[in-house]
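*Asks:* Below are the structure tokens for one structure; questions will follow.
The values are calculated or read from the model by the stated rules, or taken from the named source; none is laboratory data. Quick caveat, the model's predicted, so the values are computed rather than measured. Cβ atoms come from the backbone with ideal geometry, glycine included; neighbour counts cover every protein chain shown.
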Amino acid sequence: MNKTLLSFLVALVVAFPLCRLQAQTRDVDHQVDSVLQLMTLDEKVGQMNQYNGNWDATGPITETGDIQDQIRKGMVGSMLNVTGVEHTTELQKIAMQSRLKIPLLFGQDIIHGYRTTFPIPLAEAASWNMTAIEQSARIAATEAAAAGVHWTFAPMVDIARDPRWGRVMEGAGEDPFLGSRVAEARVRGFQGNGLGHTDAVMACAKHFAAYGAAIGGRDYNSVDMSLNTLWNIYLPPFRAAEQAGVATFMNSFNTLNGIPATGNAYLQTDVLKGRWKFTGFIVSDWNSVGEMIPHGYARDGYDASVKAANAGNDMDMESRSYILNLARAVRDGQVPVTRVDDAVRRILKKKFEMGLFDDPFRYSSRVREQQQWNRADHLAAERSMAEKSIVLLKNEHQLLPLSRDQLKGHTIALIGPFMKGIRDNLGFWSYTWPDDSSRIISPYEGIRRMAGPDVNVLYARGCNVDDSSLAGFGEALDAARKADIVIMDVGEAPDWSGEAKSRSNLHLPGMQEQLVRAISETGKPLIVMISAGRPLIFNWIADHVPAILYTWWLGTEAGDAMADVLFGKYNPSGKLPMTFPRSEGQIPIYYNHLNTGRPPKNDSDLNYVSSYIDLPNSPRYPFGFGLSYTTFSYSTISLSSDAIGPGDTLRARVTLTNTGSFDGTETVQLYIRDLVASIVQPVRVLRGFRQLLLKAGQQEIVTFSLTAADLGFYNDRLEYASEPGAFQLFIGNSSEDARQASFRLRP
Ligand code: NOJ
């Protein structure tokens, strides 16, 4: 092609933005092809190359050459961790100096909010409120998109059965059904009314796949798993995200049964792009292409790029294996050019869908960026999400909620290392903005404001998060003795959960449990809030402290949200999305386990059954558990039939009554058990839930509809099938406490 013709074509496709209307109706694939045919092999590989910006590195940065110069040469398709109108505009301008002017994609880990920080994802999952979760992602997208971010590396949809793994904070917990609903809600929230709207960002389902099953809960560790577990437990949330239209997938650091996920053709090509027909693109995790070398799967960067590309990995995040090797590998015949074309098509397609060829700067808007930040409605949504995420674990003698009226003239002591924390509640994966600290208030401040001027509030830190000093005990005990009621905020450090934050000891660190014991010995009514990014172990507190709230990391409005719950302005409704162990020795522990051939009758049954001789099998708190200030009673279950055929619908009903004296929200959970199957089935699996707000005394009938499809599982041929036979059905307020009924599925 001569130079003039080339420049003409380039000008046609790129320089003159297509009229919006035409762009909507014209076939994107055709547009993609028209760009692709102009590209050199090096430019194609450039689109598959992603570099990190200047900050927030979560892995080693390979320094080779000036990034800006490479962008100018068309050697970069995407940047991560470049955010804000100023930075994104600056780099996009450089991309516009490249020969084909293909816009850059800016990606960022917007995990639980951008400017407005929402509760950590595990906490949000505890709300079981899909509308609120979707809204949280929507707000994050709106704020991020206005600042020039096109793409979030979220949602993380990894099932997590091991609380030692620090990244449990980033997902929706242990259950495939809940995890799938949360995955869909987050994808809907991030992508809003669709790619191309300037308030939407591309979502990314990660980490594909089975990253959450890292052996020993140690981050980045290998995974060894049956296909049965992969398909029935770990893949469903990915499938749900894909069906919700997620734009991209990220593969993972782990090996799966001996093959790194990044070089895994079964996962990426056969399952995701083949069986599921995923049309978006796959980005590697940070340097995961290069990490196939230490894994022992690739000899060098060349070999790694061949294996990753051929397995279906489209974009290389930060390892530089593609940019340094892939073109040569194509020339050597090691990677078919059709594979590279396929990857580039997928990437360009998203750039077209995002409208970046129309206007590469359309997301970077100074006006929108300003409008979106510090919005009162976003902060109000955050506060509400934070309230919904709190789980009430114990409330003896209805110690909670506190009454402002009854506390008038009395004294509260606020004690603990997190009580005056300002940024603690933002948790891992949160960003620092210049004026943030001024608008975040501590739990102390939230409670003090809520208590009002007529309540005397004392404060003592008591101890640090993690050292052996008892120096603050005296002051804390003094405060407790002077008080009529004591509220403590204890937990693990905010950066002890998150990426590369695996822990072997999940007990409260330092002297915190001793501090709680000492305060408890004063005999004062005691409420303990536990702040953490994972299930912790706190048996003494669970046994002896009358009121316990699990408050995770709740985000920007944590202080107010905690106060709202403590004082009953919000009646807690959270339910645990993960099983809480009694001891690290029980891990992995999850409700949907198999029965074994020797199931114990109860926790004390040790007679040659599947149990520990030194520890009960039962968890400290089961999946789905969470109390309210009110009480709910469940009627017996009534079924529309005791048998259904493949085309029928079974209706299961219970009457839920609010039997207490507060209005409250209950999450009614439905579990099933397939009693005899070609692959043994878990003792319970969640298959539905409904959330209802009932006024005190109010009653409502809750109906679940189940078809044969809701009763199925992936069989040994990895086909989804429902097998005829006997089923149990449970409806109740957690995975343990539930009414029961039986029915049959006819052939
Ligand atoms: C590594 C993490 O595993 C991944 O989740 C994240 O998106 C990337 N780093 C980029 O920060």
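*Asks:* Which numbered condition trips up Ser604, out of (1) of a type in the set (Ser, Thr, Tyr); (2) over 21 Å from Gly217 (Cβ atoms); (3) surrounded by 15 or more Cβ atoms within 10 Å (Cβ to Cβ)?
*Replies:* Here Ser604 meets the rest and fails (3).
*Asks:* In a loop (DSSP other than H, G, I, E, B), surrounded by fewer than 24 Cβ atoms within 10 Å (Cβ to Cβ) and in contact with a Pro (Cβ under 7 Å, 6 or more places away or on another chain): is that true of Tyr297 in this structure? Walk me through how you get there before you give the answer.
*Replies:* On the way: in a loop (DSSP other than H, G, I, E, B): yes; surrounded by fewer than 24 Cβ atoms within 10 Å (Cβ to Cβ): yes; in contact with a Pro (Cβ under 7 Å, 6 or more places away or on another chain): yes.
Here the answer is yes, as Tyr297 does meet what is asked.
*Asks:* Just checking, does region 688-698 include any residue being in contact with an Asp or Glu (Cβ under 9 Å, 6 or more places away or on another chain), under 26 Å from Asn228 (Cα atoms), at pLDDT 95 or above and surrounded by 15 or more Cβ atoms within 10 Å (Cβ to Cβ)?
*Replies:* Taking every residue of region 688-698 in turn, at least one turns out to be in contact with an Asp or Glu (Cβ under 9 Å, 6 or more places away or on another chain), under 26 Å from Asn228 (Cα atoms), at pLDDT 95 or above and surrounded by 15 or more Cβ atoms within 10 Å (Cβ to Cβ).
*Asks:* Return the residue satisfying two criteria in turn: it lies in region 201-234 and is without any contact (Cβ under 8 Å) to a residue 40 or more places away in the chain and in a loop (DSSP other than H, G, I, E, B), and of such residues it is nearest to the ligand (Cβ to nearest atom). Don't jump to the end; show me each part of the working.
*Replies:* First, the residues of region 201-234 that are without any contact (Cβ under 8 Å) to a residue 40 or more places away in the chain: 215, 221-226, 229-230.
In the following step, the residues that additionally are in a loop (DSSP other than H, G, I, E, B) were identified as 221-222, 224-226.
Working: Asn221: 13, Ser222: 15, Asp224: 20, Met225: 19, Ser226: 24 Å.
So the residue we want is Asn221.
*Asks:* Another question about this same structure. Here is a list: Ala265, Ala185, Ala209. Which entry is surrounded by fewer than 24 Cβ atoms within 10 Å (Cβ to Cβ) and at negative phi?
*Replies:* Working: Ala185 fails: surrounded by fewer than 24 Cβ atoms within 10 Å (Cβ to Cβ); Ala209 fails: surrounded by fewer than 24 Cβ atoms within 10 Å (Cβ to Cβ).
Answer to the check: Ala265.
*Asks:* Go through region 25-71 and give me each residue that's within 15 Å of the ligand (Cβ to nearest atom) and either of a type in the set (Phe, Trp, Tyr) or modelled with pLDDT under 90 (or both).
*Replies:* Selection gives Tyr51, Gly53, Asn54, Trp55, Asp56, Ala57, Thr58, Gly59, Pro60, Ile61, Thr62.
*Asks:* Determine whether Phe567 is touching a Ser or Thr at 6+ places or on another chain (Cβ under 8 Å), among the hydrophobic types (A, V, I, L, M, F, W, C) and surrounded by 15 or more Cβ atoms within 10 Å (Cβ to Cβ).
*Replies:* On the way: touching a Ser or Thr at 6+ places or on another chain (Cβ under 8 Å): yes; among the hydrophobic types (A, V, I, L, M, F, W, C): yes; surrounded by 15 or more Cβ atoms within 10 Å (Cβ to Cβ): yes.
When the stated conditions are applied, Phe567 passes them.
*Asks:* Right, something else. Which pairs do you get when a residue that is under 24 Å from Met202 (Cβ atoms) and in a loop (DSSP other than H, G, I, E, B), found in region 249-269, comes within reach of a residue that is among the basic types (Lys, Arg) and within 15 Å of the ligand (Cβ to nearest atom), reach meaning Cβ atoms under 9 angstrom, with the pair 6+ apart or on two chains?
*Replies:* Going by the 9 Å Cβ cut-off, the qualifying pairs are Ser252/Lys206.
*Asks:* While we're looking at this one, here's another question. Does at least one position in region 346-363 carry a residue that is away from the ligand (no atom under 16 Å from the Cβ) and under 20 Å from Leu267 (Cα atoms)? I'd like the intermediate steps shown before the answer.
*Replies:* Of all residues in region 346-363, those away from the ligand (no atom under 16 Å from the Cβ) come to 346-363.
Still in the list and also under 20 Å from Leu267 (Cα atoms): 346-347.
Looking for residues that are away from the ligand (no atom under 16 Å from the Cβ) and under 20 Å from Leu267 (Cα atoms), one finds at least one in region 346-363, hence yes.
*Asks:* So, in region 145-161, of the ones that are within 11 Å of the ligand (Cβ to nearest atom) and part of a loop (DSSP other than H, G, I, E, B), which residue ends up surrounded by the most Cβ atoms within 10 Å (Cβ to Cβ)?
*Replies:* The selected residue is Pro155.
*Asks:* For residues that are buried (at least 17 other Cβ atoms within 10 Å of the Cβ) and in a helix (DSSP H, G or I), tally how many sit in region 343-370.
*Replies:* Looking only at that region, the number is 13.
*Asks:* What's the total number of residues in region 73-88 that are more than 12 Å from the ligand (Cβ to nearest atom) and at pLDDT 95 or above?
*Replies:* Residues flagged as more than 12 Å from the ligand (Cβ to nearest atom) and at pLDDT 95 or above within region 73-88 amount to 5.
*Asks:* So how many residues does region 281-307 have that are away from the ligand (no atom under 16 Å from the Cβ), under 22 Å from Met75 (Cα atoms) and of a type outside the set (Phe, Trp, Tyr)?
*Replies:* Within region 281-307, residues that are away from the ligand (no atom under 16 Å from the Cβ), under 22 Å from Met75 (Cα atoms) and of a type outside the set (Phe, Trp, Tyr) number 7.
*Asks:* Same structure again: Would you check which residues across region 689-705 are assigned to a strand (DSSP E or B) and either at positive phi or without any contact (Cβ under 8 Å) to a residue 60 or more places away in the chain (or both) and list them?
*Replies:* Kept after step one, since they are assigned to a strand (DSSP E or B), are these residues of region 689-705: 689-694, 699-705.
Listed by number, the residues that qualify are Arg690, Leu692, Leu693, Gln699, Glu700, Ile701, Val702, Thr703, Phe704, Ser705.
*Asks:* Okay, moving on. I need a count of the residues in region 674-684 that are of a type outside the set (S, T, N, Q) and either surrounded by 21 or more Cβ atoms within 10 Å (Cβ to Cβ) or touching an Asp or Glu at 6+ places or on another chain (Cβ under 7 Å) (or both). First the steps, then the outcome.
*Replies:* Of all residues in region 674-684, those of a type outside the set (S, T, N, Q) come to 674-677, 679-680, 682-684.
Subset that is either surrounded by 21 or more Cβ atoms within 10 Å (Cβ to Cβ) or touching an Asp or Glu at 6+ places or on another chain (Cβ under 7 Å) (or both): 674, 677, 679, 684.
Result for region 674-684: 4.
*Asks:* Out of Arg164, Arg188, report the one residue that is more than 14 Å from the ligand (Cβ to nearest atom), part of a loop (DSSP other than H, G, I, E, B), over 18 Å from Leu235 (Cβ atoms) and charged (D, E, K, R). Break it down stepwise before answering.
*Replies:* Values: Arg188 fails: part of a loop (DSSP other than H, G, I, E, B).
Selected residue: Arg164, the only one of Arg164, Arg188 that is more than 14 Å from the ligand (Cβ to nearest atom), part of a loop (DSSP other than H, G, I, E, B), over 18 Å from Leu235 (Cβ atoms) and charged (D, E, K, R).
Conditions tested, residue by residue: (1) over 25 Å from Asp69 (Cα atoms); (2) touching a strand residue (DSSP E or B) at 6+ places or on another chain (Cβ under 9 Å); (3) in contact (Cβ under 8 Å) with a residue 40 or more places away in the chain.
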{"position": "Asn310", "(1), (2), (3)": "yes, no, yes"}
{"position": "Pro336", "(1), (2), (3)": "yes, no, no"}
{"position": "Arg362", "(1), (2), (3)": "no, no, yes"}
{"position": "Leu399", "(1), (2), (3)": "yes, yes, yes"}
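Residue by residue, here is whether (1) more than 16 Å from the ligand (Cβ to nearest atom); (2) among the polar types (S, T, N, Q); (3) more than 24 Å from Lys575 (Cα to Cα); (4) modelled with pLDDT of 95 or more holds:
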position: Met96; (1), (2), (3), (4): yes, no, yes, yes
position: Leu100; (1), (2), (3), (4): yes, no, yes, yes
position: Pro103; (1), (2), (3), (4): yes, no, yes, yes
position: Glu124; (1), (2), (3), (4): yes, no, no, yes
position: Ser127; (1), (2), (3), (4): yes, yes, no, yes
position: Ser136; (1), (2), (3), (4): yes, yes, no, yes
